[in-house]
Amino acid sequence: MRRALITGTGLFTPPERISNQELVDALTVSVERFNREHADDIAAGRVRAREGSSDAFIVKASGIRSRYVLNRSGVLDPQRMRPSLPRRSESEPSIQAEMALAALEPALKQAGRSGAEVDAVLLGCSNVQRAYPAVAIEVQRALGASGFAYDMNVACSSATFALQSAADAIRSGSARCVAVVNPEITSGHNNFELRDHHFIFGDACTATIVEDAQSARVASGFEILSSSLETHFSSNIRNDFGFLTSCEAEPRDPHELVFRQNGRQVFREVCPLVARHITAHLERQGLVAANLRRMWLHQANLNMNRLIATTVLGREPTADEAPVILDEYANTSSAGCLIAFHEHSADLVEGDLGLLCSFGAGYSIGSLLLRRQAL
């Protein structure tokens, strides 16, 4: 059977960045205005007063200190509090295609490949900016790639689910070199006016080259030994904004339909699910947690990552065993675990085992067992 090998990774982050304190300052103005405008309804109990935030609260709740965004002026404008992005014509490249191509450039270079040698493009992210044509096909054309391309969405697990699809395509022979891209514009589906949500997300795009080990041009890579995917339906993390929004008999503000979650319930339910998932995946491969050199977990929340890693290992993980990139990037949805992999994998040596794991809305969980392999 053909072996699927990760031969290159790339990362794009926007040039603009927002600190916790900048978000807090914008939220303070927004909260004061909202509570003032709805004072009578708040007093009568018809409307819930909004709360302010603080840098200390954000760091304690999440471990996040900053995030990259495509547009900071719109997010920090108390009258707007969402990105301000110019409309593009059909003849211009889409924002997500631009992000994907920027992330693919270093990934292809690392793999020693050109865009023309790619014969499949898989794009996975929490929200694709249009229904069709698929952004993946736009990226395919821009690369000069052949074969096929498609978009997919499993929220924060989109990257790991796409990587399994890429590995399956390699093993079946339907592709020889697959580009997986994860352009996450999370600032576009976040409500920055709410204390519990305003700090969570950041924008980024990751790219991964997966190819047949027999034809790879690199000296070493990461072989995808096995993968495990799991889903359980839950409404505790939702985004209801979609193409039927404008058709509803009682229209709603689209801003109120974007990301929302029951954070405490998610923490209680997802952490044990993920820990069991990882342990079961390892057991099926005849392994235990002690065999892992590193875990690259989904970067949603520092407290979640610590609990999951501690449960799997049976002890508190070191920063080397379960690296965290939340402080700089925040939650970048499906891109998070791959940012951790991209930045914390070069030091692994031949034979080292690592586990890439995502988890999020759905609930969806995806894990890939990787081994550093010399060729």
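The table below gives the values:
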| read-out | value |
| --- | --- |
| For the range 222-374, diffusion coefficient by Stokes-Einstein and Kirkwood Rh (Cα), 37 °C, 0.692 mPa s, µm²/s | 198 µm²/s |
| Inter-centroid distance (Cα atoms) of the range 212-264 relative to the range 28-58, Å | 30 Å |
| Separation of the CYS247 and THR231 label points, Cα + 7 Å toward Cβ, nm | 2.1 nm |
| Helix-only mean residue ellipticity at 222 nm for the chain, each DSSP H run of n ≥ 4 adding -39500 (n - 2.57), per residue, nearest 500 | -10000 deg cm²/dmol |
| Shape parameters for the range 152-199, alpha-carbon atoms, Rg then Dmax in Å | 15.6, 49 |
| Cα-based shape type of the range 200-289, given that a ≥ b ≥ c are square roots of the gyration tensor eigenvalues and the cut on a/c is 1.5 | oblate |
| Charge dipole of the chain about the Cα centre (unit charges at C-beta), most positive-ward option of PRO272, GLN110, GLN21 | PRO272 |
| Percentage relative contact order, the chain, counting C-alpha pairs under 8 Å, at least six apart | 23 percent |
| Inter-label distance, nm, simple model (7 Å from Cα along the C-beta direction), THR28/SER174 | 5.4 nm |
| Charge dipole magnitude, Cβ of K and R +1, D and E -1 - the chain, Cα centre, debye nearest 20 | 540 debye |
| Among 29-35, 81-87, the order from most to least packed when residues are scored by Cβ within 10 Å on average | 29-35, 81-87 |
| Whole-percent pair-distance distribution, where bins are 10 Å wide, for the alpha carbons of the chain | 5, 24, 33, 24, 10, 3, 1, 0 |
| Using θ = phi - 60° and Karplus 6.51 cos²θ - 1.76 cosθ + 1.60, couplings along the range 114-129 (whole Hz; Gly, Pro as x) | 9, x, 5, 8, 7, 10, 7, 10, 10, 10, x, 6, 5, 9, 8, 6 |
| For CYS156, residues with placed amide H under 5 Å, excluding near neighbours | ALA361 |
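Readers should treat all values here as calculations from the given coordinates under stated rules, not as data from a laboratory. What you see is a predicted model, and the numbers here were worked out from it, not measured in a lab. Note that each Cβ is placed from the backbone with ideal geometry, even for glycine, and that neighbours are counted across all protein chains shown.
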